[in-house]
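Every read-out reported here was derived from the displayed coordinates using simple, explicitly stated rules and does not represent laboratory data. Because the structure is predicted, anything quoted here is derived from the model rather than measured. As a convention, Cβ positions derive from the backbone with ideal geometry for all residues, glycine included, and neighbour counts pool all protein chains shown.
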Amino acid sequence: MDTRGKIVALLVAAGSGTRAGGGLPKQYRTIAGKPMIGHAIEGLLHPRIAAVHVVIGQGQERQFADATRTYSLPEPTLGGSERHDSARRGLEAIAAQGGADIVLIHDAARPFLPSRVVDALIDGARGAGGAVPGLPVVDTLARSGDLLGDVVPRAGLIRVQTPQAFRFPAILAAHRAWKNGIATDDAQIARAAGIEVAVVEGDTMLEKLTYEADFVRAEERLAASLISRTGMGFDVHSFEAGSGVWMGGVLIPHGRKLKGHSDADVVLHAITDALLGAIGEGDIGQHFPPSDPQWRGAASSRFIEHARGLIAARGGRIDHVDATIICEAPKVGPHRETIRRSVAALLRLPPAGVSIKATTTERLGFTGRGEGIAAQAIATVRLPEEKS
């Protein structure tokens, strides 16, 4: 294979640390509804990058598959005991698949990658052999122990970030030759092999996420950039012989049930349509056609969870849902709070994020005649601003 001009990315995501909390490796923690590794992958889906290869930790195959199912990626490579071991294994996997001209090696712990940094790194690596993003040190530096020590001059110092770009054959050879113990980044290995490494302007968006406070700041930063969207939903079902009505995932005893292909949960159907409308994803019938026998008698919780998942996959969040149930019977009031908590649990919202109301039509129309139940819903969702 001719690899001249081919640019690939290697994402090192093999860590197992849980210092950030959450009880799982931090690369699988969610930020604005999306796993951190997903944000990192999307930053590398750049027009000049042909493929993204990922190195994961032992035993993380299922977590990786769940977090990346919406992306088209090569099979992941299992990492080693240290970061430089994992990077080398990833480079060897790329070599086995034909190699490349330029490789960008990135850490999943820096999930927000500006496109301009990618361009600068590629151009820098073509010129010098390697390139890293760096930011000047602006804080006072001092030695420390139990007491504050001497100040270290900061002139000429930078903070080195990732991704780091290199000519692929050279960095692969450098990793193969490395015998100097633990390396904190790939530029250290490159320089030991005599590779010149240029410095391009880094970005504060590339700050590494390690502790719980880092994730809180990342959530706040993304939340400030989200655009509010509103969707509306409406559903209606007629009665038939039965002994209970599903509303909001709650079975309410009644002398009849609602007729439908699924469980005919009129509340969840209206909310699902509202959520789909807020993200421009059509309606419930497009995702779960009534002509498909697999949805016969299906729990409507599956529909609302699907809509919630679509929102999360786009980095969005559900702020609030307001539903109104229109019927003469059964009486909703005694079940209102139970329905509210059920819907909130399905949407992974606090109960305050859900409003459930009920009304009648004063005996007018099909609901007034007791022929069926209608529901309408409004959902407020925030999504990342789409770039044109």
> Can you list the residues, at least 5 places off or on another chain, whose amide H is less than 5 Å from the amide H of G372, using H built in the peptide plane?
Replying inline: F239
> What is the projected area of the convex hull of the Cα atoms of the stretch 192-278, averaged over all directions, in nm²?
Replying inline: 12.2 nm²
> A128 to E240: FRET efficiency via 1/(1 + (r/R0)^6), r the Cβ-Cβ distance, R0 45 Å, to the nearest 0.05?
Replying inline: 0.05
> For V354, V343, what ranking results if the residue with the fewest other Cβ atoms within 10 Å of its Cβ goes first?
Replying inline: V354, V343
>> Counting other beta carbons within 10 Å of each residue's own, what order do T204, T380 fall into, fewest first?
In response: T204, T380
>> Run through the stretch 36-72 and list the trypsin sites (Lys or Arg not before Pro) located in a DSSP loop whose Cβ has at most 10 other Cβ atoms within 10 Å.
In response: R69
> Between E371 and R154, what is the label-to-label distance in nm when each label sits 7 Å out along the Cα-to-Cβ direction?
Replying inline: 7.5 nm
>> With every atom except the alpha carbons ignored, what do you get for Rg and Dmax of the stretch 278-388, in angstroms?
In response: 16.0, 50
> Under a point-charge model restricted to the Cβ atoms of Lys and Arg (+1) and Asp and Glu (-1), what is the dipole moment magnitude of the stretch 227-384 relative to its Cα centre, in debye to the nearest 20?
Replying inline: 360 debye
> Å³ per residue of the Cα convex hull, for the chain?
Replying inline: 186 Å³
> Based on the Cβ-Cβ distance of S225 and H306, what FRET efficiency does E = 1/(1 + (r/R0)^6) give at R0 = 25 Å, to the nearest 0.05?
Replying inline: 0.45
> How large is the helix-only mean residue ellipticity at 222 nm for the chain, computed as the sum of -39500 (n - 2.57) over DSSP H runs with n ≥ 4, divided by its residue count, in deg cm²/dmol to the nearest 500?
Replying inline: -9000 deg cm²/dmol
>> Quick check: residue separation of E92 and A298 times 0.36 nm, minus the Cα distance between them. What number comes out in nm?
In response: 69.5 nm
>> If you average the C-alpha positions of the stretch 309-352 and of the stretch 149-181 separately, how far apart do those two centres end up, in angstrom?
In response: 51 Å
> By count of other Cβ within 10 Å, fewest leading, how are K6, K259 ordered?
Replying inline: K259, K6
> Rounded if a/c is under 1.5, else prolate if a/b beats b/c, else oblate: with a ≥ b ≥ c from the C-alpha gyration tensor eigenvalues square-rooted, which is the stretch 7-224?
Replying inline: rounded
> Can you tell which of A187, A329, A218 shows the greatest fluctuation in a Gaussian network model of the chain with Cα springs below 10 Å?
Replying inline: A329
>> Using the Cα centre of the stretch 7-224 as the reference point, and only Cβ charges (+1 on K/R, -1 on D/E), how large is the resulting charge dipole? Debye, rounded to the nearest 20.
In response: 220 debye
>> For K257, give me every one of the lysines with a C-alpha distance below 25 angstrom, ignoring sequence neighbours fewer than eight places off in its own chain.
In response: K331, K357
>> Test of understanding: given the chain, find the longest segment containing no chymotrypsin sites (Phe, Trp or Tyr not before Pro) that are in a DSSP loop and have at most 14 other Cβ atoms within 10 Å.
In response: 212-388
>> What FRET efficiency comes out for R191 versus R116 if R0 is 25 angstrom and r is the Cβ-Cβ distance? Round to the nearest 0.05.
In response: 0.50
>> Can you give me the distance in nm between label points at L251 and A352, each placed 7 Å from the Cα along the Cα-to-Cβ direction?
In response: 3.4 nm
> Using the alpha-carbon atoms, what tilt in degrees (0 to 90, nearest 10) does helix 83-96 show relative to the longest principal axis of the chain?
Replying inline: 90 degrees
> Longest span of the chain, sites excluded, free of GluC sites (Glu not before Pro) in DSSP loop with at most 10 other C-beta atoms within 10 Å?
Replying inline: 1-361
